[in-house]
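The values are calculated or read from the model by the stated rules, or taken from the named source; none is laboratory data. A quick note: this is a predicted structure, and the numbers were derived from the prediction, not measured. Virtual Cβ from ideal backbone geometry, glycine too; neighbours counted across all protein chains shown.
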Amino acid sequence: MLDFSEFLFLGAFLGLAAGMSPGPLLAVTISETLQHGKWEGIKVAISPLITDLPIILFILYFLSHLTNYSSIIGIIAFSGASYLIYSGVEALKTRPDSIELNVEKKDALKKGIIVNFGNPHPYIFWISIGGPIIFKSLHAHISATILFILGFYSFLVGSKIVITLIVEKSKSFINSKYYFLIIHMLGIAQIVFGLAFIKMGLESFNVI
């Protein structure tokens, strides 16, 4: 059983990985910053705080009917492992030309909300990784759940805000070797966590 600090660390790591990895929301965050300034980029960065609550509640309701079936939890763990390993491999393959910045001008916050609702990643993450972790944290204590969510969203939103501020100060950061070094390191860490989820899945099937 993870202790409270480990739930906080796990949330922080997953939030950082999600926040810094190239994807639709990061592309819009960077584009709005470059075109309209840091405040528009920050509006996009905070959009998950608005969009994710209904997604999380729906998925937790769905998963709550599966918690008594260890085989289903095992399958979910394998799905989470696949997602993490795939995401990690994609991060290792990230190159400067993988981030597209051509997006049309609209209200930044509205744009971020639309992009995030249409982005499959939050749904995949919460059903395969975040949801099971929340249920495990609830078995420990509600404060463990709060720490996980706090760590996740602090680093998910915080990392995008930091990127926004850096992009405004240094337009070349997104194509710098330092950014891609961080992405590649996070990719390796995601693969390691993916292997841990495989272990969790095997344990659910009493294989190990």
Being more than 26 Å from Leu53 (Cα to Cα), surrounded by fewer than 16 Cβ atoms within 10 Å (Cβ to Cβ) and under 16 Å from the mean Cα position of the chain (by Cα) narrows it down to one of Ile183, Ile208, Ile188, so name that one. Ile188
Yes or no: segment 109-125 includes at least one residue that is within 12 Å of the chain's Cα centre (by Cα) and at pLDDT 90 or above. no
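Take the conditions small (Gly, Ala, Ser), modelled with pLDDT of 85 or more, buried (at least 17 other Cβ atoms within 10 Å of the Cβ) and under 19 Å from Gly23 (Cα atoms) and apply them to Ser159. Does it pass? Spell out the reasoning first.
Details: small (Gly, Ala, Ser): yes; modelled with pLDDT of 85 or more: yes; buried (at least 17 other Cβ atoms within 10 Å of the Cβ): yes; under 19 Å from Gly23 (Cα atoms): yes.
It is true that Ser159 is small (Gly, Ala, Ser), modelled with pLDDT of 85 or more, buried (at least 17 other Cβ atoms within 10 Å of the Cβ) and under 19 Å from Gly23 (Cα atoms).
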Condition first: over 17 Å from Gly19 (Cβ atoms) and not aliphatic (A, V, I, L, M). Now tell me which residues in segment 124-133 satisfy that. Ser128, Gly131, Pro132
Give just the number: which of (1) of a type in the set (S, T, N, Q); (2) crowded, with 16+ Cβ neighbours inside 10 Å; (3) at pLDDT below 80 does Asn68 not satisfy? (2)
Test Lys160 against the criterion of being among the basic types (Lys, Arg), within 20 Å of Ser31 (Cα to Cα) and out of contact with any strand residue (DSSP E or B) (no Cβ under 8 Å at 6 or more places or on another chain), and give yes or no. yes
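Could you tell me which of the residues Gly88, Gly131 is closer than 18 Å to Leu156 by Cβ, modelled with pLDDT under 85 and touching a Phe, Trp or Tyr at 6+ places or on another chain (Cβ under 9 Å)? Break it down stepwise before answering.
On the way: Gly131 fails: modelled with pLDDT under 85.
The conditions single out Gly88.
Residues checked against (1) within 26 Å of His184 (Cα to Cα); (2) touching a helix residue (DSSP H, G or I) at 6+ places or on another chain (Cβ under 8 Å); (3) β-branched (Val, Ile, Thr); (4) surrounded by fewer than 17 Cβ atoms within 10 Å (Cβ to Cβ):
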residue: Glu6; (1), (2), (3), (4): yes, no, no, yes
residue: Gly11; (1), (2), (3), (4): yes, yes, no, no
residue: Ile42; (1), (2), (3), (4): yes, yes, yes, no
residue: Lys93; (1), (2), (3), (4): yes, no, no, yes
Could you give me the residue pairs with C-beta distances under 9 Å whose first residue belongs to segment 181-208 and is closer than 18 Å to Ile129 by Cβ, whose second residue is basic (Lys, Arg) and surrounded by fewer than 17 Cβ atoms within 10 Å (Cβ to Cβ) wherever it lies, and which are 6+ apart or on separate chains? Gly187/Lys93
